[in-house]
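For reference, the structure discussed in these notes is given below.
No value in this document is a laboratory result; all are computed from the given coordinates. Worth saying up front: this structure is predicted, and the values here are computed from it rather than measured. Note that we place each Cβ from the backbone using ideal geometry, even for glycine, and neighbour counts take in every protein chain shown.
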Amino acid sequence: MGKYFGTDGFRGEANENLTVEHAYKVGRYLGWYYGQDHKAKVVIGKDTRRSSYMFEYALVAGLTASGADAYLLHVTTTPSVSYVVKSEDFDCGIMITASHNPFYDNGIKIINSYGYKIEAEVEDKVEAYIDGEIGEIPFAKKENIGRTVDYAMGRHRYIGHLISIATRSFKDTKVGLDLANGSATTVAKGVFDALGAKTYVMSNEPNGFNINTDCGSTHIEHLQKFVVDNGLAVGFAYDGDADRCLAVDEKGNLVDGDQIMYLCGLYMKERGELNNNTVVTTVMSNMGLYKALEANDIAYEQTAVGDKYVFENMQKNNHSLGGENSGHIIFSKHAMTGDGILTSLKIMEVMLEKKQPLSELLKDMKIYPQVLKNVRVRDKKEAREDAEVQAAVKAGEAKLAGDGRILLRESGTEPVIRVMAEAGTMELCNEVVDDIVAVLQKFVQK
């Protein structure tokens, strides 16, 4: 990770540690970098936060001042930017979003011409330019100044792409969608309606401030109630930029990313579509997923936390399915990044082909109780490596006696240490995590 760019782009509170000046300089550098031997083309999408419009204009100003043409998708999803960049010959794409964060945060994700997250060396050069470590780059003049192009048609092509992936009509299937008042509001309902579903929508009225607020995949309890109250077959909840999806079965039970990978992995194996008979996970996946995969003779690989690392592993080894328990699921045949709406279509495919409700399809997978607590600290590395903290982790592992696990890791986007435990009971999870959190208190920010 660099000074500004973490595992998921340049993220921070709008005009606090991510400012319009930052955005302008990102645009200036990218416009120049990609335009050294031709007229650069950059496509931009954004989510529904109030500040996204401000950052969009700052990026456009920087890009066009350096001579690049900026194509605007307007409010759209992160995976749609990835799709458009790859399929329509852009030099790079930019998505303005802070994903599942509150409305006052924002971020800049840069996507390369292949449709996945930009290379670290390019991020390093952008950071060097922001900090004045690279000499000033020239302004475009006269006919070389860039232009802005309304490119809503790119989003429409992406919607068509999603519709084309479905293998069956959704006719008469009652589906609930929690759109998180975010990017999915311009895409998801249209896809499900076009496929014939009886679509029930919530959190579909963004106002610039309500993205992710008590809704979406971070507040799944509302969709759980919505599904039961309306007698729906299934529900899907997205985050702010719709690159993740969690589901709810017909009984109102949560279906997380691990359960989705099990469901789709088993189905893909049966159809001969699970490359290398392997599912790629992160270290945060539940033990229950691994036991369920092993029971079905499916291999798995683990990466660091972040769909970026999952995709790198999939690309290197030609795997076809991977993801995170948070709901970032990658189907490499169709996408270069996590795509929440695509994930919901794949779940629908399994349900319709198997002619079984989601609860029945998942009955053989047991999820181990898991507790995750975040501790805001002064220095992540110092806290994680502290001898007393490490001793508390070892003591916790002794209590688990081999039937569970503890994970201590640094957040990639916040000054936070995440403490996670899995065990046979929730009580034991809480006990182990609380013991470690108590020791971490000496590092808490004052």
Percent of alpha-carbon pairs separated by more than 25 Å within segment 254-394: 31 percent
Using a 10 Å cut-off around each Cβ, can you sort Glu119, Glu250, Glu143 from fewest to most neighbouring Cβ atoms? Glu143, Glu119, Glu250
Note, Asp434: beta-carbon cut-off 13 Å, +1 each Lys/Arg, -1 each Asp/Glu, net -1
Fewest first, what order do Val42, Val187, Val201 take by the number of other Cβ atoms within 10 Å? Val201, Val187, Val42
Given the DSSP H assignment, sum -39500 (n - 2.57) over each helix run of at least 4 residues in the chain and divide by its residue total; what's the result at 222 nm in deg cm²/dmol, nearest 500? -11500 deg cm²/dmol
On the Cα set of the chain, report Rg and Dmax in Å, please. 22.1, 71
How long, wide and thick is segment 1-153, going by the Cα atoms along their three principal axes, in whole angstroms, largest first? 41, 38, 25
Hz values of 3J(HN,Hα) by residue in segment 65-81 - Karplus curve (6.51, -1.76, 1.60), Gly and Pro given as x: 5, 8, x, 7, 8, 10, 9, 9, 7, 6, 5, 7, 8, 4, x, 5, 5
Applying the Karplus parametrisation 6.51 cos²θ - 1.76 cosθ + 1.60 with θ = phi - 60° to the phi angles of segment 358-367, what ³J(HN,Hα) value in whole Hz is obtained for each residue in order, glycine and proline being reported as x? 4, 4, 5, 5, 10, 5, 8, 9, 9, 8
Members of Lys198/Lys269; Lys269/Lys333; Lys269/Lys394; Lys373/Lys394; Lys251/Lys366; Lys46/Lys189 lying beyond 26 Å, as alpha-carbon distances in this model show: Lys198/Lys269; Lys269/Lys394
In Hz, Karplus ³J(HN,Hα) per residue of segment 305-317 (6.51, -1.76, 1.60; θ = phi - 60°; x = Gly, Pro): 5, x, 5, 4, 6, 4, 5, 4, 5, 4, 5, 5, 10
Shape box of segment 316-433 [Cα atoms, principal axes, largest first, Å]: 52, 31, 26
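Round to the nearest 0.05 the FRET efficiency obtained for Asp434 and Ile137 when R0 = 56 Å and r is the Cβ-Cβ distance. List each step's numbers first, then the result.
On the way: r = 52 Å, r/R0 = 0.93.
Taking R0 as 56 Å, the efficiency between Asp434 and Ile137 is 0.60.
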Listing Thr173, Thr337, Thr76, Thr48 from the residue with the fewest other Cβ atoms within 10 Å to the one with the most, what is the order? Thr173, Thr337, Thr48, Thr76
Given 10 °C and 1.306 mPa s, how large is the Stokes-Einstein diffusion coefficient of segment 370-443 in µm²/s, with Rh as the Kirkwood radius over Cα pairs? 132 µm²/s
Rule-of-thumb check for segment 143-302: C-alpha Rg over 2.2 N^0.38 Å? 1.20
Per DSSP loop assignment and a cutoff of at most 15 other beta carbons within 10 Å, the chain keeps its longest run without exposed chymotrypsin sites (Phe, Trp or Tyr not before Pro) at 210-446
Cut-off under 5 Å, modelled amide H: who pairs with Glu250 long-range: Leu358, Ser359
Give me log10 I(q)/I(0) at q = 0.17 Å⁻¹ for segment 75-167, Debye formula, one equal scatterer per alpha-carbon, no solvent. -0.97
